[in-house]
Amino acid sequence: MKSKILDAVGISAAVLCLIHCIVFPLLLIIPIGISHNPYVDLGFLAIGTLVVYRLTKKITNRRLKFLFWISIGLIAVSVAADFIFEVHLPLIYVGAAGLITAHLINFKNHKH
């Protein structure tokens, strides 16, 4: 049961992250005085890492574990590049999509 809740939180956070990553650059085009804050991305990364850590402790499927951790790694590289070089890498989109996919697979594999 706890794993299902973690999957639901993970899916929600990853979807919100993906929406944020897609919509926010479009909002920057409109001159309304907002700017990018990399700490929002860092917050999504922290939530995702915590959820993935808790989930992967109990998962036996090595491929699914790999998908979870490679997705978090892609997001981490993108966030780090944003902090260090102020460059937005598209790896964050791939990482968020990978997390959503991994959570959906894990959720589907639960015994109901």
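Throughout, read-outs are computed from the coordinates displayed, never taken from laboratory work. Note that the structure is predicted; figures quoted are calculated from it, not measured. Positions of Cβ are generated from backbone atoms using ideal geometry, with glycine treated the same way; all protein chains shown enter the neighbour counts.
Figure the gain on full extension for Y93 and V15 (residue separation times 0.36 nm, minus the Cα-Cα span) and round it to one decimal in nm.
The Y93-V15 span can extend by a further 27.0 nm.
Under the Karplus relation 6.51 cos²θ - 1.76 cosθ + 1.60, θ = phi - 60°, what is the ordered set of whole-Hz ³J(HN,Hα) values for region 90-97, x standing for Gly and Pro?
x, 4, 5, 5, 5, x, 5, 5
Name all residues of region 62-101 having a backbone nitrogen under 18 Å from the label point set 7 Å from the Cα of K4 along its Cα→Cβ direction, giving them as ranges.
Counting backbone N atoms under 18 Å from the label point, the list is empty.
Output wanted: per-residue J couplings in Hz (rounded whole) for region 8-20, from phi through Karplus 6.51 cos²θ - 1.76 cosθ + 1.60, θ = phi - 60°, x for Gly and Pro.
3J(HN,Hα) across region 8-20, in whole Hz: 5, 5, x, 4, 4, 5, 5, 5, 4, 4, 5, 4, 4.
Which distance in nm do the two modelled labels at L42 and V77 give, with both placed 7 Å along the Cα-to-Cβ direction?
In this crude label model, L42 to V77 measures out at 2.1 nm.
Per residue of region 74-89, in order, report the coupling 6.51 cos²θ - 1.76 cosθ + 1.60 (Karplus, θ = phi - 60°) as ³J(HN,Hα) in whole Hz, putting x for Gly and Pro.
Result, rounded to whole Hz: 5, 5, 4, 4, 5, 5, 5, 5, 5, 5, 7, 10, 6, 10, 9, 8.
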